[in-house]
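Here is the structure we will look at, set down as structure tokens.
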Amino acid sequence: HFFGVDTDILPVSVIEGDSVTLYTDIETIQQEEIIWYFNDIPIADITGDQSKNCTDVQCNNGAERFRGRLKLDHQTGSLTITNINTTDSGLYTLQINSSSESLLLVCVSDAPEQDKMKTKSVKEGESVTLDPGVVKTTNYLMKWLFNGIRITEINGDISFNCTDVQCNNGAERFRGRLRLDHQTGSLTITNTRTTDSGLYKLQISSSRFTIIKSFIVNVTGEYHLFSHTLDFIIIKSSAAAASVTRCSVLLSVVSRYVFYSTC
């Protein structure tokens, strides 16, 4: 029922496993009724009366497609699809008060097998690159977060860029070890440390949508094994006799742990 509507279709390209938020441009829902459709099927309905709100299976006579992966902002009506997969590709339509407001064509690409978990494991001192698999366009804002803290940002028109200390009010964690590709949004961390382990998120934002790509980085420490033998003398004495015993202790040190033998 949306054919003939003079509305531009906005393409949104994501990779399997990403999250995407589709915006309504409404600050606070009052009397509006907002309905989201997926390929002409209602998947979310929200009004000022929260008792009438629904998502997915509640809106669609029991047909559950998204299985708990839809999040609806009850203040703005924005719709978030988490852990997106290829079967979520299609046309998403926003309807406000019976009038079609926007059309978004979401295209979900298969993630390479090695990237499906998006977990990167490296040894301390190595470099790691987090590649979001996108090409930057001039209208996007790209922001990298580490455990919820902004560490890099690229404005769409390059009027404001920052990394590490510039983004985070002077709190310098990475100390010049971040490299940001301004074309693709890829982030490289050089000379990694165990304290760099954690959750990294890339937010790609426009006025109509936000895509979130998540990566887990595990940095393991380098362990060096060395040993050393110490000689010492134990003197035992009694009323009858005295004896001298020479004893050797082997110290084996692995990282912060010390293992030793006793006589």
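The values are calculated or read from the model by the stated rules, or taken from the named source; none is laboratory data. The structure displayed is predicted, hence computed values, not measured ones. As a convention, Cβ positions derive from the backbone with ideal geometry for all residues, glycine included, and neighbour counts pool all protein chains shown. SASA here: full protein model, heavy atoms, side chains in, ligands and nucleic acids out. Shrake-Rupley method; radii C 1.70, N 1.55, O 1.52, S 1.80 Å.
The one condition from (1) in a strand (DSSP E or B); (2) open to solvent by 60 Å² or more (accessible area, probe 1.4 Å); (3) at pLDDT below 85 that Thr129 does not meet is (3).
Among the residues of region 196-218, what is the count of those that are outside any strand (DSSP E or B) and under 13 Å from the mean Cα position of the chain (by Cα)?
1
One residue stands out among those in region 46-74 that are at pLDDT 85 or above and under 23 Å from the mean Cα position of the chain (by Cα): the one that is nearest to Gln30 (Cα to Cα), which is Asp73.
For region 198-233, the candidate set comprises residues that are hydroxyl-bearing (Ser, Thr, Tyr) and open to solvent by less than 40 Å² (accessible area, probe 1.4 Å); within that set, the residue that is modelled with the lowest pLDDT is Ser206. Figure legend. Inter-residue proximity from region 36-62: first residues assigned by the TED database to the domain that holds Asn97, second residues in a helix (DSSP H, G or I) and surrounded by 13 or more Cβ atoms within 10 Å (Cβ to Cβ), beta-carbon distance below 9 Å, spacing 6+ or different chains. Indicated pairs: Phe38/Asp88; Ile43/Asp56; Ala44/Asp56; Asp45/Gln58. Within region 158-181, residues that are assigned by the TED database to the domain that holds Leu141 and at pLDDT 80 or above have Cβ atoms under 7 Å from residues that are in a loop (DSSP other than H, G, I, E, B) and open to solvent by 50 Å² or more (accessible area, probe 1.4 Å) in these pairs: Arg177/Asn191, counting only partners at least 6 apart in sequence or on another chain. Within region 19-28, the only residue that satisfies the criterion of being farther than 11 Å from Thr80 by Cα and either at pLDDT 90 or above or buried (at least 20 other Cβ atoms within 10 Å of the Cβ) (or both) is Thr24.
Taken over region 75-117, the criterion of being at pLDDT below 85 and either over 20 Å from the mean Cα position of the chain (by Cα) or among the aliphatic types (A, V, I, L, M) (or both) is satisfied by Ser98, Ser99, Ser100, Glu101, Ser102, Ala111, Met117.
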